[in-house]
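Read through the structure below, which is laid out as structure tokens, and then see the notes.
The values are calculated or read from the model by the stated rules, or taken from the named source; none is laboratory data. Predicted model only: the values in this text are computed from it and were never measured. Here the Cβ positions follow ideal geometry from the backbone for every residue, glycine too, while neighbour counts run over all protein chains shown.
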């Protein structure tokens, strides 16, 4: 009922509607508004991306420190006996295999990172 | 859901998927309207421009929060309104004319009807000035309702008040405008 009343009023209030169609004096919509705002939006996206990466690094560093600490604590007995270890028993083939594996995974990590970062941008 | 709303949903999904450039559609489509609404609340060119830009940047950063409970334009206006009100609160508020509540309530609805329907050039000019004397809330209300032609429900969503409150305030603003017109026209004589 009241909504209908307001609707009737809006139809009658021609003068008010026309007055509102006129922009306030000396106010004009800038012609380059969309362009300038879009630049700011891109900058905001870049900043947000940087914030996200920084936060990721902080979390990663914290996880690494905790893992190393935990690993050290769990392997404390092994470390204690490390000094008594005879390095003559180490098989060179297994060392080479380990180096190759680490190199392979490091390269794969680099490739995937580059590939997906490029696609996202 | 209209075709335009469906297309906008697709564009929103695309922007959220990383295609930032698709956001330019919303700037082209709603930029003039958002600026127009803000310029009614903050009638200083540089401030209005900055607030309109902040509105769109805020919309972009919170795009994932747009749940679609209202039209995208209403959501944008809601952000614009909040930005403008925060700005007005933090800066020295513009002087708005205070009228006695008793005087406003005493005005007959039919007088306001008549005063707001006569669309002569002189009346329109007086009304334009009278709108500038309203408080920011009241200006937002009449701008949304008369200029943007939103429904009372949409205005309620944008301004964060109830639908009933919108209707009560609209009646009051119409009476206030009548008193302002009368005062200005009497002052000119």
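Do we have residue B:110 as surrounded by 10 or more Cβ atoms within 10 Å (Cβ to Cβ), within 14 Å of chain A (Cβ to nearest Cβ) and at pLDDT below 90 here? The answer is no for residue B:110.
Which is within 10 Å of chain A (Cβ to nearest Cβ), modelled with pLDDT of 90 or more and closer than 21 Å to residue B:88 by Cα, of B:142, B:168?
Values: B:168 fails: closer than 21 Å to residue B:88 by Cα.
None of the others qualify; the one that does is B:142.
Residue selection: residue A:56 fails the criterion of being facing another protein chain (nearest Cβ under 7 Å), over 30 Å from residue B:120 (Cα atoms) and either within 42 Å of the chain's Cα centre (by Cα) or modelled with pLDDT of 85 or more (or both).
What are the pairs, 6+ residues apart or on separate chains, where a residue within segment B:38-63 that is more than 9 Å from chain A (Cβ to nearest Cβ) has its Cβ under 7 Å from a residue that is part of a loop (DSSP other than H, G, I, E, B)? Filtered contacts from segment B:38-63: B:51/B:42. Going by the structure shown, is residue A:17 modelled with pLDDT of 90 or more and either over 17 Å from residue B:29 (Cα atoms) or outside any helix (DSSP H, G or I) (or both)? Judged against the criteria, residue A:17 is not a match. Among the conditions (1) within 8 Å of chain A (Cβ to nearest Cβ); (2) touching a residue at least 24 places away in the same chain (Cβ under 8 Å); (3) within 18 Å of residue B:72 (Cα to Cα), the only one that residue B:152 does not satisfy is (2). The combined condition, being under 27 Å from residue B:132 (Cβ atoms), in contact with a helix residue (DSSP H, G or I) (Cβ under 9 Å, 6 or more places away or on another chain) and in contact (Cβ under 8 Å) with a residue 40 or more places away in the chain, is not fulfilled by residue B:9. Screening residue B:29 on (1) at the interface with another protein chain (Cβ under 10 Å from one of its Cβ atoms); (2) touching a residue at least 12 places away in the same chain (Cβ under 8 Å) shows it passes everything except condition (2).
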